[in-house]
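To start, the structure under review is shown below, and the notes come after it.
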């Protein structure tokens, strides 16, 4: 075994150790330790990515002295390493970018707990991406839920507490459905390891035994993870949680926590049950319908939103809709499109949240969209980042989300029939609505204020951390847009080895 | 002091001599430093007033919100929908259960090579007589590490939300001082209940010892870190209920909590780092398994049980203390 193969395990344990050590540190040390940790993990994950791209194969890492059905194991391939690398970069930029606002907004004596929860969320994300065992997945879902709910309540304002409680309730419903699902699955297959369940399920599907429990399991896990990642009718917890939290937290929740669950769902479909069996069940049709509804309704709500942050939050609902609609197409390109959009949306949405929160403060602490008029004149970098994110999500060629729309339409055309018509119509409507609210806001940033307009003085000073993080995010987004072809082919290659 | 040694105290207690209670138990009420309004600086008074107004405003808005947002008809529909969803869910689950393999069936899918190896080779491979402990702390130690982290996460979130730090404690006192009622809720709690204290004097040592026994014997008999930790946590809670926080703080403060959890989780994580690394790289582990059945046996399991026990104890007590009083 080569030394680099140890890196994912080291990252997980290092994150846990740092989280524990942070509990006795003061705010400043905690901050630097967390930043150092995320940087180190990013570097190690990138190394793993290079290694897996070279070998092109995935490998299993034993967690202990006992091989898999008895002990625990994690599995790392191109797909896992690639997604995790993007997530690591996003975590790093989101943490650094929102650092100064977080210092301002979180109680000083409890700042280290914020860092601990960021570490734990990051730990859970890594474990969810790498795990090869359904029970391990559940354990880390619990950590993810608790840490994320704590992060939502970090600013102890009334709205945050309400949003946090709502977040907790909805997510617990999701977790318990997932737990019910895997316990029934264990009863009918006798395994928790994904590969073994896959074998048993294939045998069960062939013999037609336990058909009802199997269908219920797939339905429960799907609904559970869909609630947790805010698929359209279950999105009520999302706007409050994202729009009131401190910017780093909003960025991390929208781009990492929900994406971890989506990645797990894809893993459940492809590796645990098998995509052919899933396709024969009809659950994907439900996802497709709600995904399409989400694409449209999220955008409609975003148009109606008065504050920028609420608008960005609702746009997440629309983007999650894209991911689920792509999954619902029952084709391989659909899954690739869903994975690609998870990464692209993570990179873009975190940038939007960081830049729009800072811009609100730079424009006199306003939250209303109309007050951002002419923001480019006093905070050019923020406005640039926001505008880039906005035109990206609208779908302009050379940028990442454009590729989502292209692959999604490609997949839909391949499937043909009703699916094609619905997807084409939904993409068209959603793009139009995206253009209305995102381009409208972006243009507003570049419009000079008129004579007699009220101009509010900035409430905060500009800070270098946000600037550095935003430059990093802009670079990440442009890189993802320009390198979309190699990225997509790596995803395809990884997906082939994923099952 | 001769008077304070345990023999004297027990004698006093047995002979029911007066003063036995006062010497051994906390008699004084926990006095709160309720600040005098006249000594406050104007800034402090303003802050406290704002705090109070904010609180009242939020309360009023919550009341408005709950009353106005839902019409009675909508509420009825909502309740009906709740019942409908629950009944459907229950029906669905019951229907699924009927389709599952029968409980205790020898051909049940869970009777496969996985449980067979746990049962047949568990003792030999992990050195633990209690195969459940062997399974959760050796075969599947990564999951258990995750479970301990869940407790840690939950404790951190609760501490963040509820623990009063110095500043907020001061201001909430100020806010209280502005109102007619200068004491916090804990002030009015009954203290020094004699029946409770006498019972606790007898029970607490036994409960704690039982907890220690369950933790230390986790690899030999039913039990382990989670159950033993829960017992010890219950012991601590009983103690603090009977004797109050001031006594508890003589040996258990926030710092103690932090240090115990830090050491326990770090020991767990680092020792498992070693065994995961050696396991995955096929290096022989140097940790001896010992003679099965002896107290010092089964390799790391004993250490891990102690760590888990400490984490569970501290988390349970921390939840109780923070929910009741807002500090440890």
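Among the numbered conditions (1) within 23 Å of residue A:312 (Cβ to Cβ); (2) touching a helix residue (DSSP H, G or I) at 6+ places or on another chain (Cβ under 6 Å); (3) surrounded by fewer than 16 Cβ atoms within 10 Å (Cβ to Cβ), tell me where residue A:413 comes up short.
Only one criterion is unmet by residue A:413, namely (1).
Just to be sure I understand, how many residues within region A:64-110 are part of a loop (DSSP other than H, G, I, E, B), more than 9 Å from every other protein chain (Cβ to nearest Cβ) and touching a strand residue (DSSP E or B) at 6+ places or on another chain (Cβ under 6 Å)?
The number of residues fulfilling the criteria is 1.
Show me the helices (runs of 4 or more DSSP H) found entirely inside region B:96-170 where at least 2 residues are facing chain A (nearest Cβ under 9 Å), on the phi < 0 side of the Ramachandran plot and in contact (Cβ under 8 Å) with a residue 12 or more places away in the chain.
Those helices (runs of 4 or more DSSP H) span B:113-126, B:141-162.
Do any helices (runs of 4 or more DSSP H) entirely within region B:193-291 hold 2 or more residues that are under 29 Å from residue A:71 (Cβ atoms), and if so, which? Walk me through it before giving the result.
Details: elements: B:194-216, B:225-243, B:245-248, B:254-280.
Correct list: B:194-216, B:225-243, B:254-280.
Which condition from (1) at pLDDT below 90; (2) in contact with a helix residue (DSSP H, G or I) (Cβ under 9 Å, 6 or more places away or on another chain) is the one that residue A:46 breaks?
Of the numbered conditions (1) at pLDDT below 90; (2) in contact with a helix residue (DSSP H, G or I) (Cβ under 9 Å, 6 or more places away or on another chain), the odd one out for residue A:46 is (1).
If we scan region A:154-161, do we find a residue that is within 11 Å of chain B (Cβ to nearest Cβ), without any contact (Cβ under 8 Å) to a residue 40 or more places away in the chain, surrounded by 23 or more Cβ atoms within 10 Å (Cβ to Cβ) and touching a helix residue (DSSP H, G or I) at 6+ places or on another chain (Cβ under 6 Å)?
no
A quick yes/no check of all residues on (1) farther than 20 Å from residue A:253 by Cα; (2) out of contact with any strand residue (DSSP E or B) (no Cβ under 9 Å at 6 or more places or on another chain):
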| site | (1), (2) |
| --- | --- |
| A:131 | yes, no |
| A:140 | no, no |
| A:144 | no, yes |
| A:159 | no, yes |
| A:162 | no, yes |
| A:166 | no, yes |
| A:177 | yes, yes |
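Looking at region B:30-65, which of its residues are modelled with pLDDT under 70 and out of contact with any helix residue (DSSP H, G or I) (no Cβ under 9 Å at 6 or more places or on another chain)?
Once the filter is applied, which keeps residues that are modelled with pLDDT under 70 and out of contact with any helix residue (DSSP H, G or I) (no Cβ under 9 Å at 6 or more places or on another chain), region B:30-65 yields B:38, B:39.
How many of the residues making up region B:274-297 are buried (at least 18 other Cβ atoms within 10 Å of the Cβ), out of contact with any strand residue (DSSP E or B) (no Cβ under 6 Å at 6 or more places or on another chain) and within 13 Å of chain A (Cβ to nearest Cβ)?
2
Of the residues that make up region A:21-39, is at least one at the interface with chain B (Cβ under 9 Å from one of its Cβ atoms), assigned to a helix (DSSP H, G or I) and without any contact (Cβ under 8 Å) to a residue 40 or more places away in the chain?
Checked against the condition, which is being at the interface with chain B (Cβ under 9 Å from one of its Cβ atoms), assigned to a helix (DSSP H, G or I) and without any contact (Cβ under 8 Å) to a residue 40 or more places away in the chain, region A:21-39 yields at least one hit.
Looking only at region B:15-23, decide whether some residue is at pLDDT below 70, closer than 30 Å to residue B:246 by Cβ and touching a helix residue (DSSP H, G or I) at 6+ places or on another chain (Cβ under 6 Å).
Yes, because at least one residue in region B:15-23 is at pLDDT below 70, closer than 30 Å to residue B:246 by Cβ and touching a helix residue (DSSP H, G or I) at 6+ places or on another chain (Cβ under 6 Å).
Can you tell me which residue is farthest from residue B:279 (Cα to Cα) among those in region A:2-17 that are in contact (Cβ under 8 Å) with a residue 40 or more places away in the chain and more than 23 Å from the chain's Cα centre (by Cα)?
Here the answer is A:4.
Here are B:259, B:249: which of them is modelled with pLDDT under 90, surrounded by fewer than 20 Cβ atoms within 10 Å (Cβ to Cβ) and either within 14 Å of another protein chain (Cβ to nearest Cβ) or out of contact with any strand residue (DSSP E or B) (no Cβ under 9 Å at 6 or more places or on another chain) (or both)?
Among B:259, B:249, only B:249 is modelled with pLDDT under 90, surrounded by fewer than 20 Cβ atoms within 10 Å (Cβ to Cβ) and either within 14 Å of another protein chain (Cβ to nearest Cβ) or out of contact with any strand residue (DSSP E or B) (no Cβ under 9 Å at 6 or more places or on another chain) (or both).
Has region B:197-209 got at least one residue that is under 16 Å from the mean Cα position of the chain (by Cα), away from chain A (no Cβ under 14 Å) and either surrounded by fewer than 15 Cβ atoms within 10 Å (Cβ to Cβ) or modelled with pLDDT of 90 or more (or both)?
yes
Examine region A:112-129 for a residue that is buried (at least 22 other Cβ atoms within 10 Å of the Cβ), more than 30 Å from residue B:117 (Cα to Cα), without any contact (Cβ under 8 Å) to a residue 24 or more places away in the chain and facing chain B (nearest Cβ under 10 Å), and state whether such a residue exists.
No, region A:112-129 contains no residue that is buried (at least 22 other Cβ atoms within 10 Å of the Cβ), more than 30 Å from residue B:117 (Cα to Cα), without any contact (Cβ under 8 Å) to a residue 24 or more places away in the chain and facing chain B (nearest Cβ under 10 Å).
Each row is one residue, and each column tells you yes or no for (1) within 19 Å of residue A:287 (Cα to Cα); (2) part of a helix (DSSP H, G or I); (3) in contact with a helix residue (DSSP H, G or I) (Cβ under 7 Å, 6 or more places away or on another chain).
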site: A:195; (1), (2), (3): no, yes, no
site: A:201; (1), (2), (3): no, yes, yes
site: A:204; (1), (2), (3): no, yes, yes
site: A:215; (1), (2), (3): yes, yes, no
site: A:219; (1), (2), (3): yes, yes, yes
site: A:227; (1), (2), (3): yes, yes, yes
site: A:230; (1), (2), (3): yes, no, yes
site: A:235; (1), (2), (3): yes, yes, yes
site: A:240; (1), (2), (3): no, yes, yes
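The values are calculated or read from the model by the stated rules, or taken from the named source; none is laboratory data. All of these numbers come straight from a predicted model, not from anything done at the bench. Virtual Cβ from ideal backbone geometry, glycine too; neighbours counted across all protein chains shown.
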